[in-house]
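Right, one structure below, let's go through it.
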Amino acid sequence: RLFGQTTEALRLPSALAGALTVTATFFVARAMFGRRVAWFAAIFLSALHFHIHFSRIGLNNVWDGLWYVVFIGALWYGWEHHRRNAYLLAGLALGLGQYFYPSTRMLLALLVLWILFGLALDPSRGRREWANLLLLLLTAVVVALPLAWHYLEHPEAFLAPLNRVGLTREWWIQEAHTSGRTVGQVLLRQVWLGFGAFTYEPLRAWYGPGYPILRPWPALFFLVGLVLLCLRAGRGRVLPLLLWLILFGLLGAFSESTPAAQRYIAAAPLCALLVGYGLGESVALLREFWEKGRRWLNVL
């Protein structure tokens, strides 16, 4: 009503979602890794070509990045600090996210895996957190109930996105026959392409810039951040980010047009977090050898 039925008005919610995702990424990075990494991650995400592209077109896909970073950041904070309000925020993000692009449904799988791995690493955590986790699920159910009711009446609508883009048994057989590979080799190639979208495989489908999500220098800091995360960060910070990365690599691998750009939108904040962490830790290491230039290293 305010801006009229125009293309510009259609794009405004996407721009808002993109800006909110940058803000949320800053706060999550600050809670996990500190202020310096938070600034690096937020500045990088605000200029990432992939994030900008989907923040400027009239699609609701870009909202998924916001729901993912809020859900994972809030759940991590609640899990680590035993804060009930963080669990409530995670439940709100989980419920609201179901109304947008279908990739938010993977948040349910991420939550289950997080709980299973978390309890395996620390069995006593279940006794301390079961009430908060139950409250998280209850909040999500209340928020998503109208949509859930619709899916109960129309289950084919719930499965439609998967049926539309998922790789079928016939596809695997045809691809193996056409390429001269075994089905196992085709599977490995798909996984290679699915994870390659982050650093080396050019994006396809709705956005084809001719390169991956990350250009060479950001890709370097992404890999540095991933390695240092596994070596230096605590298990509490490694687990959610690794699950986030693995889920989207597999999502891209087992859907058509691999790697299809529109299915990786919710992974943009993850890329920013890892690039920011890799850059922040690199700066910290350099500062140990160049004490006089420590201030200029941050600027650089």
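Between L242, L273, L300, which is at pLDDT 90 or above and open to solvent by 10 Å² or more (accessible area, probe 1.4 Å)?
On the way: L273 fails: open to solvent by 10 Å² or more (accessible area, probe 1.4 Å); L300 fails: at pLDDT 90 or above.
L242 is the lone residue from the list that is at pLDDT 90 or above and open to solvent by 10 Å² or more (accessible area, probe 1.4 Å).
Counting residues that are of a type in the set (A, V, I, L, M), in contact (Cβ under 8 Å) with a residue 60 or more places away in the chain and open to solvent by 40 Å² or more (accessible area, probe 1.4 Å), which helices (runs of 4 or more DSSP H) fully inside the range 61-142 reach at least 1?
106-121
Restricting the search to the range 76-100, which residues are modelled with pLDDT of 95 or more and either on the phi > 0 side of the Ramachandran plot or aliphatic (A, V, I, L, M) (or both)?
Of everything in the range 76-100, those that are modelled with pLDDT of 95 or more and either on the phi > 0 side of the Ramachandran plot or aliphatic (A, V, I, L, M) (or both) turn out to be A86, L88, L89, A90, L92, A93, L94, L96.
Of the residues A47, A90, A9, which single one is hydrophobic (A, V, I, L, M, F, W, C) and touching a helix residue (DSSP H, G or I) at 6+ places or on another chain (Cβ under 9 Å)?
None of the other options fit; the residue is A90.
When you go through (1) among the aromatic types (F, W, Y); (2) modelled with pLDDT of 90 or more; (3) surrounded by 14 or more Cβ atoms within 10 Å (Cβ to Cβ); (4) part of a helix (DSSP H, G or I) one by one for W149, which number turns out not to apply?
Of (1) among the aromatic types (F, W, Y); (2) modelled with pLDDT of 90 or more; (3) surrounded by 14 or more Cβ atoms within 10 Å (Cβ to Cβ); (4) part of a helix (DSSP H, G or I), only one is false for W149: (3).
How many residues does the range 184-208 hold that are part of a loop (DSSP other than H, G, I, E, B) and either modelled with pLDDT under 95 or crowded, with 17+ Cβ neighbours inside 10 Å (or both)?
Total satisfying the criteria: 9.
With open to solvent by 70 Å² or more (accessible area, probe 1.4 Å) and under 28 Å from G278 (Cα atoms) as the only criterion, which of R1, R30, R11 stands out?
R30
Does the range 277-295 include one or more residues that are more than 30 Å from E80 (Cβ to Cβ) and among the small types (G, A, S)?
Within the range 277-295 (the criterion being more than 30 Å from E80 (Cβ to Cβ) and among the small types (G, A, S)), the answer is yes, since at least one residue qualifies.
The values are calculated or read from the model by the stated rules, or taken from the named source; none is laboratory data. Just so you know, these numbers come straight off a predicted model, no measurement behind them. A quick note on method: Cβ atoms are made from the backbone with ideal geometry, for glycine too, and the neighbour counts reach across all protein chains shown. Just the protein is used for accessible areas: all its heavy atoms, side chains included, with ligands, DNA and RNA removed. Shrake-Rupley method; radii C 1.70, N 1.55, O 1.52, S 1.80 Å.
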